[in-house]
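To start, the structure itself, in structure tokens.
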């Protein structure tokens with residue numbers, strides 16, 4: 001009897017766990033299907049003027065004597081009230097909208113960039129400015145081509161576009177940067193790499209050695225040139241080389257169209273340069289960090305940082321949690 005009782009308790013617990021699991025899994029599945037059907041994401045807007053003011057106040061509260069800090073605080077409040085009145089009555093104060101682009105090989109951040117630019121273009125005026133912080137070593141032609149086209153929407157509206165490069169804007173990253181009216185870069189930022197690259201391993205000889213057949217059927221003479229598993233021919237290599245040259249020419253034409261002050265023969269070699277040399281080659285217009293540029297501009301302009309926060313799908317969240325757990329336990 002004792003065995004039957006214990007077995008019954010075990011079975012009850014087991015069924016309870018199974019039922020809870022089914023309910024949770026069902027709920028997650030429903031939530032997943034709903035989130036897929038919705039357009040996800042929202043704009044996050046930060047006033048950088050307020051950020052700089054708070055930094056100033058916090059620092060002064062620690063380094064100034066109490067009486068001096070109180071005086072400083074009174075002056076700050078008076079200036080703040082004066083600026084608020086000017087904002088209400090004076091519609092000529094410049095606004096700067098700051099966007100941040102961190103690029104991977106697929107330029108996936110373009111999904112957020114296009115939303116941010118669309119939002120800004122609904123309110124921007126001719127006197128305003130858009131500053132884009134770019135950090136990218138490049139990637140796919142179509143991905144960065146789209147990203148550059150998104151920035152061109154700002155130029156086409158007649159709005160001043162400034163690109164700031166603190167670390168790197170190479171290859172596709174520079175394709176984006178060249179669209180700007182003005183490019184600023186940190187002294188040791190990397191710029192250039194105006195070239196096109198394709199590379200892949202080939203396992204044909206390995207497969208042949210182990211008597212493994214690989215079959216590939218295409219319709220169209222150039223549907224596939226170089227391949228991972230089949231035998232590559234000189235004709236295949238020549239065709240891919242031709243395609244790369246065509247993409248490179250389009251890249252050079254795009255740069256000349258947007259930044260005609262450069263000597264394209266000198267800069268389109270695939271090399272990259274640090275900021276000082278990039279300035280000599282007219283790849284950039286000024287050596288300056290984005291922090292210095294924005295903090296100086298805050299005196300005469302209202303600065304807003306715009307960030308489109310994309311909500312991750314449930315499947316992506318689960319994968320992200322799985323990766324974190326794997327990293328934790330390994």
Cα gyration tensor shape for region 196-261, rounded if a/c is under 1.5, else prolate or oblate: prolate
Least to most buried among 154, 159 (fewest other Cβ within 10 Å first): 159, 154
Cα centroid of region 171-209 to Cα centroid of region 212-274, whole Å: 12
Ordering of 98-105, 177-184, 208-215, 276-283 by packing [mean C-beta count within 10 Å, highest first]: 177-184, 98-105, 276-283, 208-215
For 106, 66, 152, order by how many other beta-carbon atoms lie within 10 Å, fewest first: 66, 106, 152
FRET efficiency estimate (nearest 0.05) - Cβ-Cβ, residue 247 to residue 55, R0 51 angstrom: 0.70
Cα gyration tensor shape of region 108-242, rounded if a/c is under 1.5, else prolate or oblate by comparing a/b with b/c: prolate
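In percent, what relative contact order does region 203-292 have, based on Cα pairs under 8 Å that are 6 or more apart in sequence? Can you show the working numbers first?
Values: 43 pairs, mean separation 14.4, N = 90.
Once normalised by length, the contact order is 16 percent.
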Computed E for residue 265/residue 122 - FRET, C-beta separation, R0 41 angstrom, nearest 0.05: 0.50
Inter-site label distance for residue 202 and residue 73 at 7 Å from Cα along Cβ, in nm: 7.4
FRET E, pair residue 64, residue 106, Förster distance 41 Å, beta-carbon r, rounded to 0.05: 0.25
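Using Cβ counts within 10 Å as a stand-in for footprinting exposure, how do 272, 248, 42, 76 rank, fewest first?
Ranking 272, 248, 42, 76 by Cβ neighbours within 10 Å, fewest first, gives 42, 76, 248, 272.
Each reported figure results from applying straightforward, stated rules to the coordinates on display, with no laboratory input. None of the values given here were measured: they were computed from a predicted structure. Every residue, glycine among them, receives a Cβ derived from its backbone with ideal geometry; neighbour counts consider all protein chains shown.
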